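Nothing in this text is a laboratory measurement; each read-out follows from the coordinates by a stated rule. Not measured: the values here are computed from a predicted model. When we count neighbours, we look across all protein chains shown, and the Cβ atoms used for this are built from the backbone with ideal geometry, even at glycine.
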């Protein structure tokens with residue numbers, strides 16, 4: 001005779017219940033961020049909002065900075081170009097150094113290797129603020145004060161340690177046999193790196209590139225401290241000056257510029273999200 | 001094709017002595033297997049031949065040229081790796097063409113050679129696939145093609161078949177052997193599978209713990225193992241060992257009531273105890289107690305189809321012995337049996353040094 005295996009309601013649905021609970025927790029945790037973005041979008045396209053969220057009337061007036069240079073501020077497109085230049089500069093330097101540095105740390109057994117690796121991490125742990133005074137002096141002496149290239153070099157040098165570690169991880173995931181095969185097939189070590197190994201760490205390069213770009217794009221402290229001329233402002237300084245000035249705050253304008261500032265970041269994340277997922281899983285598979 | 005000569009080769013990694021003073025030679029066009037358990041230094045030796053590792057000490061000659069410091073790209077060797085080491089971002093054609101591109105050959109010639117070798121190895125229909133899109137056996141062939149396409153003077157194999165399933169392995173075994181014979185390329189083949197070494201190589205170098213234990217033809221290492229390690233490593237099932245035999249009058253190995261005549265007289269300590277060795281096929285099992293034979297009880301049977309492995313537990317000493325028997329007249333489990341050894345093929349080992357006396 002057939003009999004039923006007896007289960008309580010909770011035993012029967014344990015997985016569903018767990019998933020629901022997790023889901024609710026995740027929603028609660030992410031709610032502030034989602035609401036923040038929502039407010040940003042709504043506010044930037046409306047004349048005013050009531051009770052914080054309900055838009056009153058659609059307008060593009062908040063976006064006027066796109067087609068007119070506002071009084072007392074530099075041209076938005078000039079600031080955007082400056083920001084782009086910083087972002088690409090940091091990204092470029094970071095790709096160049098970490099793709100080689102990570103390889104060296106992963107593959108070469110040189111004297112002081114483990115010390116270098118630890119030191120590099122310590123370097124990353126330094127709070128930026130603590131460096132400001134010393135760096136100000138360095139920039140002044142080298143004549144890089146109030147120049148974007150100074151900010152780029154500074155930012156890149158602080159990003160490189162972390163990027164090098166990331167790249168080392170990716171290189172570690174590539175079997176030695178591939179490198180040996182390349183050597184036996186008739187290339188020197190540099191060529192093998194270029195033709196065999198480098199294409200295989202593309203996901204790693206993409207990841208460091210994105211993080212490099214974003215850290216340059218969003219850099220604020222260095223720009224705020226070392227850049228004075230309006231002509232060399234970046235977007236972060238632009239936003240700050242609108243919020244933090246003497247006048248009352250025009251939230252419509254702030255939200256519109258904020259949104260404008262965040263759009264490239266979002267696009268970039270969408271483009272490389274598949275590599276990002278691989279980063280969390282770890283390693284590369286052919 | 002060059003002759004390879006390895007003289008007192010040593011390779012240390014820090015304090016680890018991966019290869020500790022080995023010497024052997026590979027004749028022009030010969031197929032030699034380096035055989036041993038994992039971590040015995042056979043792969044390190046191979047990579048030193050390829051030029052990936054530099055020897056800590058000793059010398060490697062291709063013909064009379066000292067190769068110690070010559071980078072891999074000038075050695076004209078082809079190598080097949082255990083995991084195939086195909087370049088995952090290139091398709092099959094590009095993988096095979098890679099060594100030719102390194103030589104900067106003209107494009108038409110590269111295409112011609114790649115297609116030619118691909119046809120020979122029956123992978124010409126896969127040329128535009130990526131390595132991840134083909135099976136393990138096909139990857140193996142691509143790796144082989146890549147090693148062969150540049151017409152190397154020396155071929156190195158690092159356990160090339162161990163990632164394949166048993167059936168494919170048997171097939172590729174014969175195929176690689178045939179290919180090597182046809183091309184006549186001096187080859188060194190690393191494996192931990194004694195069956196591969198026995199079937200493919202003209203000579204086998206048995207490695208253990210960084211040292212070369214024995215170097216000889218498959219016949220020699222099988223029939224005249226130099227010590228208990230070689231005897232136990234080669235053959236499937238391996239040689240049986242029975243301990244604590246004393247030698248009587250130089251001609252007989254004796255334990256309890258068992259008395260086994262040795263193939264020839266030996267010079268040994270009469271009071272000392274020795275290890276008797278015999279292969280599973282060199283025994284006849286007889287039911288009942290025979291005078292002067294080793295006696296035991298059938299423990300378990302392992303039928304293989306063509307023959308049966310009879311496991312016998314010896315009386316008193318309770319040592320397990322594996323014996324080949326023909327199916328049909330096999331005693332049942334629990335039967336009392338006597339083991340009649342083929343006295344011509346009995347081995348004797350010193351238990352302290354493990355060296356063979358006979």
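Observations on the structure shown:
- As a length-normalised measure over Cα pairs under 8 Å and 6 or more apart, the relative contact order of chain A settles at 28 percent.
- Shielding by partners, peptide B:65-72 (average Cβ within 10 angstrom, other chains): 2
- Considering only alpha-carbon pairs that sit under 8 angstrom and 6 or more positions apart, the relative contact order computed for chain B is 15 percent.
- Rg to Rh quotient for the range A:1-64, alpha carbon positions, Kirkwood Rh: 1.46
- Ratio Rg/Rh, restricted to the range B:165-279 and using Cα atoms, in which Rh is the Kirkwood radius: 1.11
- Annotation: peptides A:106-112, B:189-195, B:210-216, ranked by per-residue average of other Cβ atoms within 10 Å with the highest first, follow the order B:189-195, B:210-216, A:106-112.
- The simple spin-label model puts a point 7 Å past each Cα toward its Cβ; for residue B:326 and residue A:39 those points are separated by 9.4 nm.
- Cα long-axis angle, helix B:136-149 against chain B (0 to 90 degrees, to the nearest 10): 60 degrees
- Chain lengthening between residue A:128 and residue A:31 when straightened (0.36 nm per residue, less Cα-Cα): 31.9 nm
- Taking all Cα-Cα distances within the range A:88-228, those exceeding 26 Å account for 33%.
- Working ranking of peptides A:139-148, B:134-143 by packing, defined as the average number of other Cβ atoms within 10 Å per residue, highest first, is B:134-143, A:139-148.
- Comparing B:276, B:341, B:105 in a Gaussian network model of chain B where C-alpha atoms under 10 Å apart are linked, the largest mean-square fluctuation is found at B:105.
- Contact order normalised by residue count of the range A:1-143, Cα under 8 Å, 6+ apart, percent: 8 percent
- For the residues of A:173-182, the average number of beta carbons from a partner chain within 10 Å of their own beta carbon is 6.
- Among A:232, A:56, A:265: highest mean-square fluctuation, GNM of chain A, C-alpha pairs under 10 Å: A:56
- Zone of residue B:125's modelled label, taken as backbone nitrogen in the range B:134-148 under 15 Å from a point 7 Å along Cα→Cβ: B:134-135, B:138-139
- Inter-label distance for residue A:218 and residue B:15, nm, one decimal - labels placed 7 Å from Cα along Cα-to-Cβ: 4.8 nm
- Averaged over the residues of peptide B:99-106, the number of Cβ atoms from other protein chains lying within 10 Å of each residue's Cβ is 3.
- Over chain A, the hull volume per residue, using the convex hull of the C-alpha atoms, is 251 Å³.
- Computed packing ranks the peptides B:285-297, B:219-231 as B:219-231, B:285-297, most packed first, by mean other Cβ atoms within 10 Å.
- For chain A, modelled as a GNM whose springs connect Cα atoms under 10 angstrom apart, the maximal fluctuation among A:239, A:29, A:262 occurs at A:29.
- Debye-sum result for the protein assembly as shown in log10 I(q)/I(0), which assumes one identical scatterer on each alpha carbon, at q = 0.10, 0.11 Å⁻¹: -1.04, -1.12
- Dimensionless Rg over Rh [the range B:101-214; C-alpha; Kirkwood]: 1.00
- Helix-only mean residue ellipticity at 222 nm for chain A, each DSSP H run of n ≥ 4 adding -39500 (n - 2.57), per residue, nearest 500: -22500 deg cm²/dmol
- Between the alpha-carbon centres of the range A:36-113 and the range B:338-354 there is a gap of 82 Å.
- Reference-scaled alpha-carbon Rg (2.2 N^0.38 Å with N residues) for the range B:42-179: 1.08
- Ordered by the number of other Cβ atoms lying within 10 Å of each residue's own Cβ, fewest first, B:352, B:158 fall into the sequence B:352, B:158.
- Separation of the residue B:273 and residue B:108 label points, Cα + 7 Å toward Cβ, nm: 7.9 nm
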